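K.L.:
Take a look at the following structure, please.
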Amino acid sequence: MAMLQPALALPFLLLLLTAAAAGLPGGRTLVFILAGQSNMSGRGGATNGTWDGIVPPECAPSGRILRLSPALRWEEAREPLHDGIDVGNVVGIGPGMPFAHAVLAATSSGSDSVVVGLVPCAQGGTPIANWTRGTELYERMVTRARAAVAECSGRGELAGVLWFQGEADTMRREDAELYRRRMETLVHDVRRDLGRPDLLVIQVGIATAQYNGKFLDVVREAQKAVTLPNVKYVDAMGLPIASDHTHLTMEAQIQLGNKLAKSYLGTLQ
């Protein structure tokens, strides 16, 4: 096999590195972790046992919106975003794609320099105890977050965690009353394990209770009581709820995505 001459070797290696980086469009990728339970993974259009397949314009694919696949590779994001991630559940529209579109619309300057990379990690029906450090869901989330940044070829920035969870903790008083402590511990652990002590976390205030849990208000108050630095709160209360009385409708998920984007963009000012 012929060997490259020394004069040609360095340019050739640089060409290979450039080609590897070219797998992502644009120059900078803002990476967001999407975690929690079913209202984060999305049940918009999917509360009757199947997804209706409707993709509104706010959730349309874009070359500048990527998702980390189950195989830990970036690919063009398409609904349902949590397909292959929220295992064992029928998934539909969630807030991730509307969020990404809103962020791009606000940060675009006529160039393709910004890409939004979404890292779906949510799992339906899970209490916050299932997300403590060392659990399968927690370790999967951290592994996926690290892989997402590594796959950006040095151009990725871990921009935040979007967290929508708590409905499963409304069923027992003990879980509801422990929610604030568990949430604060989760934030501390994620920041430590990802090496980002200031990592932005935007938590969504829940609007419904799983299986008609009696402690919705207790969990909501616990969420509001989290006062750690750089933890923001966006409320889902008042958004349209599907006929199952638990999940946000497709229209509600679009509204929530825009709320989350507004919260994120507010941190840039």
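The values are calculated or read from the model by the stated rules, or taken from the named source; none is laboratory data. These figures come from a predicted structure and were not determined experimentally. Heads up, the Cβs are rebuilt from the backbone with ideal geometry, glycines too, and the neighbour counts pull from every protein chain shown. Calculation scope for accessible area: heavy atoms of the full protein, side chains included, ligands and nucleic acids excluded. Shrake-Rupley method; radii C 1.70, N 1.55, O 1.52, S 1.80 Å.
K.L.:
Kindly check whether there is at least one residue in the stretch 24-42 that is assigned to a loop (DSSP other than H, G, I, E, B), of a type outside the set (Lys, Arg), buried (at least 24 other Cβ atoms within 10 Å of the Cβ) and in contact (Cβ under 8 Å) with a residue 24 or more places away in the chain.
P.N.:
Taking every residue of the stretch 24-42 in turn, at least one turns out to be assigned to a loop (DSSP other than H, G, I, E, B), of a type outside the set (Lys, Arg), buried (at least 24 other Cβ atoms within 10 Å of the Cβ) and in contact (Cβ under 8 Å) with a residue 24 or more places away in the chain.
K.L.:
Answer yes or no as to whether Lys214 is closer than 24 Å to Gly96 by Cβ and either open to solvent by 40 Å² or more (accessible area, probe 1.4 Å) or of a type in the set (Lys, Arg) (or both).
P.N.:
no
K.L.:
Quick check on the stretch 147-185: of everything there that is open to solvent by 50 Å² or more (accessible area, probe 1.4 Å) and among the hydroxyl-bearing types (Ser, Thr, Tyr), which residue is nearest to Thr208 (Cα to Cα)?
P.N.:
Ranking the candidates gives Thr185 first.
K.L.:
Of all the residues that make up the stretch 219-230, how many are surrounded by fewer than 19 Cβ atoms within 10 Å (Cβ to Cβ) and touching a residue at least 12 places away in the same chain (Cβ under 8 Å)?
P.N.:
Adding up the residues that qualify gives 6.
K.L.:
Looking at Gly84, Gly88, Gly96 in this structure, which one is under 18 Å from Arg144 (Cα atoms) and out of contact with any strand residue (DSSP E or B) (no Cβ under 7 Å at 6 or more places or on another chain)?
P.N.:
Just a single option satisfies the conditions, and that option is Gly84.
K.L.:
Under 6 Å by Cβ, and 6 or more places apart or on different chains, what pairs join a residue from the stretch 233-259 that is under 12 Å from Thr208 (Cβ atoms) and polar (S, T, N, Q) with one that is assigned to a loop (DSSP other than H, G, I, E, B) and open to solvent by less than 50 Å² (accessible area, probe 1.4 Å)?
P.N.:
Cβ pairs passing all conditions: Thr246/Thr208; Thr249/Ala242.
K.L.:
Right, here's the next one. Looking for something of a type in the set (S, T, N, Q), open to solvent by less than 40 Å² (accessible area, probe 1.4 Å) and within 24 Å of Leu265 (Cα to Cα) - is there at least one such residue anywhere in the stretch 112-124?
P.N.:
Scanning the stretch 112-124 turns up no residue that is of a type in the set (S, T, N, Q), open to solvent by less than 40 Å² (accessible area, probe 1.4 Å) and within 24 Å of Leu265 (Cα to Cα).
K.L.:
Where residues in the stretch 53-108 are part of a strand (DSSP E or B) and among the acidic types (Asp, Glu), which of them is surrounded by the most Cβ atoms within 10 Å (Cβ to Cβ)?
P.N.:
The qualifying residue surrounded by the most Cβ atoms within 10 Å (Cβ to Cβ) is Glu76.
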